[in-house]
Amino acid sequence: MAPQTMGFESLLEAVPDALVGVDTSGVIRFLNHQTESMFGYQHDDLIGASLETLVPGSARQVHPAHRQANNPAPRTRPTGTDVRLSGRRADGTEFPVDIVLSPMDGGGGALVLAAMRDVTNYRKAEWDRRRLAATVEHSDDAIFSQTPEGVVTTWNPAAERIYGYSRQEMMGKSVDLLSPKDRIEETSSILARIRGGESVDHVETVRIRKDATAVTVSLTVSPIRDENDAIVGASVNARDVTEHREAVRAAQRMASIVEHSDDAIISSTLDAIITSWNPAAERLYGYASDEIIGRSTQAVTPKDRPDEIRNILSRVRAGQPVEHFETMRVRKDGTVFPASLTVSPILDTDGTVVGASVISRDVTEQMQALQAAQRLAAIVEHSDDAIISNTLDGVVATWNPAAERLFGYPSDEVIGKSAGIIMPAGYDNEIPDSLAKLKAGQPVVRLESPRVRKDGTVIPVSLTVSPIHDIHGQIVGASTIARDLSEQKRTFELARSMIEASLDSFVAISPEGKITDANEATVKLTGVPRDKLIGTSFSDYFTDPKKAEEIYQQVFTEGMAVDYPLTLRGRDGHKTLTEVLYNASVLRDERGNVVGVFAAARDVTRQVAAQRELVGQQARELDRLAELERFQRLTVGRELKMIELKKEVEYLKEYGQADGGEPGDHR
């Protein structure tokens, strides 16, 4: 039964908790206004009702037994400390409560006073506190708190890892311990702002670890307030941004690489929709980025390859990159070109494939270069000349079949060996000298030199040595073309013997007009030994040097000269003149280059003398004929005169006697 005093009722209403008086049978005898508000019942609805009205349905069966167990020895005790209790509102909703039971004498029998408190907010706050504590404890960021003066009051495990100090080492210490000497003012400035009620967000700075190494951190510092909103400390969240900054730099470098790459770099979704398009892609395909982003990659794929992109993307979805895939692509203007594609999966932070990155390279020039290299390789492989390459140290790197035939060594016996294997004794410096000339900038070294076959025979060869450059233009080796001159030498010796046996003079003349060779007939004709002839001017041996010079100039211009007359002046100590006729043509080396003039002279002195005699005889005959003609004219003239005179006499005789006149009268 409820107490009757006004003082007790006033006390019930003054308590902020819900208070319910229950008799030993569990019937509610009195309650305060807080109970009505908490449970949503009217006062009269609860008076006389069972206490189980306020208990959730799931606990109504066991609750009377708990209540009755308290009756034999009633005492004040909390019931929500170890056991989670819930109340049930009039609308059926449940909420957590803490209950304290206290026995009391109701005057008409024993009562139990139940004080109930809604702990919904408390439980939520407790949950938030525990969750925050777990977050702080397991965070990857250093989280610690400090007083307004900068004295550390809490220190989580991540702070231990980042800074190297244990919790015990830092508790009660100043945060200045973490600041470099040149940043002490920075820490003071942050604390001043905190004391002023400000927060400091994402300040990048440097801190010092226990081992004295520097670490770049991002700091977020917030004020800690008590229940009266007074600032009692600061919460510091420090994140090691070393890796982040490296990641940002790497991303910036990557972005710069993509932006300035010579290769077209494109990204797309797994449905082949283009999402990025770098400047090189614009140059390669002809589409501006705003024209192509959002469109399908089919726009740059020839129509005869409809399944190609789908097949590539199916591999990318499976996480497989597609490397150096050679195909064809089409530009905006419709031109088709060969391209090499490398397609890689784009992964999100969870490792899921979300797109594809495509690097496209126009391989037109590479294909042309490859074809040229293949042609060159075929030429080298099937050349009749030995073609060898070696390093700058003279080590053989390649050896073609013609080299095998010429020198007798199979390639596997000589590659990796010194090129000196085919050098005769006394020629050890030839290869280093040739390489030195190439290194000095001489483009080609040509020489004739002996070489030794595997069987020991020595052969004459013509060598052309050229530098091998790498992609940077640096000389990395030498290529040698070797041609067997044995047959050529035999042919030359035969020709030489024929030239020497000839009665005609043969000379070789350089473009500068110097004699470079001469046969024995020339020696006899000039009276000058061969070693004295070599190197002298060709025109000096003739009575008209200018005319002699014109012959080889004519040959260089027209290619030949025929029956060119000159008068050769002897050098035998007396004035001997020899009339000669020169036939000349250009002289070429084995590569067809004009290197001089080859001239053959025939002695026509007797023929010229005979011709001169014949000309003199003809002149005398002509003089005699002229004299006879003059005599004839004189004789004929006289005879004509006598005939005319005789006719005149006859006429006079005839006509003078007729007219009786005197002879000679023509009247």
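The values are calculated or read from the model by the stated rules, or taken from the named source; none is laboratory data. Keep in mind that this is a model prediction, so the values were computed, not measured. A quick note on method: Cβ atoms are made from the backbone with ideal geometry, for glycine too, and the neighbour counts reach across all protein chains shown. Heads up: the accessible areas ignore ligands, DNA and RNA and are worked out on the full protein's heavy atoms, side chains in. Shrake-Rupley method; radii C 1.70, N 1.55, O 1.52, S 1.80 Å.
Cβ-Cβ contacts under 7 Å between residues 6 or more apart (or on different chains), taken from a first residue in segment 536-548 that is open to solvent by 30 Å² or more (accessible area, probe 1.4 Å) to a second residue that is assigned to a helix (DSSP H, G or I), are listed as Pro545/Ser539. Evaluation of Gln4 against the conditions (1) open to solvent by 70 Å² or more (accessible area, probe 1.4 Å); (2) part of a helix (DSSP H, G or I); (3) modelled with pLDDT under 90 shows that the sole unmet condition is (2). Is one or more of the residues making up segment 360-368 surrounded by 11 or more Cβ atoms within 10 Å (Cβ to Cβ) and over 20 Å from the mean Cα position of the chain (by Cα)? There is no residue in segment 360-368 that is surrounded by 11 or more Cβ atoms within 10 Å (Cβ to Cβ) and over 20 Å from the mean Cα position of the chain (by Cα). Residue check: is Glu198 in contact with a helix residue (DSSP H, G or I) (Cβ under 7 Å, 6 or more places away or on another chain), of a type outside the set (Val, Ile, Thr) and closer than 18 Å to Asn237 by Cβ? Taking the combined requirement at face value, the residue does not satisfy it.
Output yes when any residue across segment 596-605 is at pLDDT below 75 and part of a helix (DSSP H, G or I), and no when none is. No: zero hits. Do you know which of the residues in segment 554-576 that are open to solvent by less than 80 Å² (accessible area, probe 1.4 Å) and in a helix (DSSP H, G or I) is farthest from Arg606 (Cα to Cα)? Of everything passing the filter in segment 554-576, Phe556 is farthest from Arg606 (Cα to Cα). Screening segment 224-301 for helices (runs of 4 or more DSSP H) wholly inside it with 2 or more residues that are open to solvent by less than 40 Å² (accessible area, probe 1.4 Å) returns the ranges 279-285, 289-292. Per the conditions (1) open to solvent by 80 Å² or more (accessible area, probe 1.4 Å); (2) of a type in the set (Lys, Arg); (3) more than 29 Å from the chain's Cα centre (by Cα), the sole criterion not satisfied by Arg209 is (1). For the condition surrounded by 11 or more Cβ atoms within 10 Å (Cβ to Cβ), among the hydroxyl-bearing types (Ser, Thr, Tyr) and closer than 25 Å to Asp589 by Cα, Tyr409 does not qualify. Just so you know, in segment 510-533 the residues that are open to solvent by 70 Å² or more (accessible area, probe 1.4 Å) and within 60 Å of the chain's Cα centre (by Cα) include one that is farthest from Phe598 (Cα to Cα), and it is Glu512. Where strands (runs of 3 or more DSSP E) fall entirely within segment 325-399, those with at least 1 residues that are touching a residue at least 60 places away in the same chain (Cβ under 8 Å) and closer than 30 Å to Trp277 by Cβ are at 336-347, 353-362. The residues of segment 417-448 that are under 18 Å from Ala402 (Cβ atoms) and in contact with a helix residue (DSSP H, G or I) (Cβ under 6 Å, 6 or more places away or on another chain), listed by number, are Ala419, Ile422.
Would you confirm, using the coordinates I've provided, whether Ile499 is open to solvent by less than 70 Å² (accessible area, probe 1.4 Å), in a helix (DSSP H, G or I) and either of a type in the set (D, E, K, R) or touching a helix residue (DSSP H, G or I) at 6+ places or on another chain (Cβ under 9 Å) (or both)? Yes, satisfied. Annotation for segment 307-318: no member residue is more than 20 Å from Ser466 (Cα to Cα), open to solvent by 30 Å² or more (accessible area, probe 1.4 Å), assigned to a helix (DSSP H, G or I) and of a type in the set (A, V, I, L, M, F, W, C).
Within segment 448-471, is there a residue that is small (Gly, Ala, Ser), within 26 Å of Arg591 (Cβ to Cβ) and in contact with a Gly (Cβ under 7 Å, 6 or more places away or on another chain)? No, segment 448-471 contains no residue that is small (Gly, Ala, Ser), within 26 Å of Arg591 (Cβ to Cβ) and in contact with a Gly (Cβ under 7 Å, 6 or more places away or on another chain). State all residues of segment 178-189 that are modelled with pLDDT of 90 or more, buried (at least 16 other Cβ atoms within 10 Å of the Cβ) and part of a helix (DSSP H, G or I); if no residue qualifies, say none. Hit for segment 178-189 is Leu178, nothing else.
Each row is one residue, and each column tells you yes or no for (1) part of a helix (DSSP H, G or I); (2) in contact (Cβ under 8 Å) with a residue 12 or more places away in the chain; (3) open to solvent by 60 Å² or more (accessible area, probe 1.4 Å).
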| site | (1), (2), (3) |
| --- | --- |
| Ile421 | yes, yes, yes |
| Ala425 | no, no, yes |
| Leu438 | yes, yes, no |
| Gln442 | no, no, yes |
| Pro450 | no, yes, no |
| Lys454 | no, yes, yes |
| Ile459 | no, yes, no |
| Thr480 | no, yes, no |
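Exactly one residue out of Asn583, Asn593 is farther than 16 Å from Glu512 by Cβ and either open to solvent by 30 Å² or more (accessible area, probe 1.4 Å) or of a type in the set (D, E, K, R) (or both): that is Asn583. Considering Ala134, Ala192, Ala214, the condition of being farther than 18 Å from Ser235 by Cβ and surrounded by fewer than 15 Cβ atoms within 10 Å (Cβ to Cβ) is satisfied by Ala214 alone. The set of residues in segment 27-63 that are modelled with pLDDT under 70 and more than 25 Å from Leu12 (Cα to Cα) comprises Ala59, Arg60, Gln61, Val62. The residue that is farthest from Ile143 (Cα to Cα), counting only those in segment 236-272 that are among the aliphatic types (A, V, I, L, M) and over 27 Å from the mean Cα position of the chain (by Cα), is Leu270. Cβ separations smaller than 6 Å between residues 6+ apart or across chains give the following pairs from segment 210-236 residues that are more than 21 Å from Ser166 (Cα to Cα) and among the charged types (D, E, K, R) to residues that are at pLDDT 90 or above and assigned to a strand (DSSP E or B): Arg225/Ile231; Asp226/Val232. With respect to the conditions (1) modelled with pLDDT of 85 or more; (2) within 19 Å of Val97 (Cα to Cα); (3) surrounded by 12 or more Cβ atoms within 10 Å (Cβ to Cβ), Pro16 falls short on a single one, namely (3). Restricting segment 273-307 to residues that are closer than 22 Å to Gly334 by Cβ and small (Gly, Ala, Ser) leaves a set whose member that is nearest to the chain's Cα centre (by Cα) is Ala280. Specify the residue that is most open to solvent (accessible area, probe 1.4 Å); the eligible residues are those in segment 147-173 that are touching a Ser or Thr at 6+ places or on another chain (Cβ under 9 Å), more than 23 Å from Asp229 (Cα to Cα) and not aliphatic (A, V, I, L, M). Top of the filtered list is Arg167.
Here Tyr122 fits the description: open to solvent by 60 Å² or more (accessible area, probe 1.4 Å) and aromatic (Phe, Trp, Tyr).
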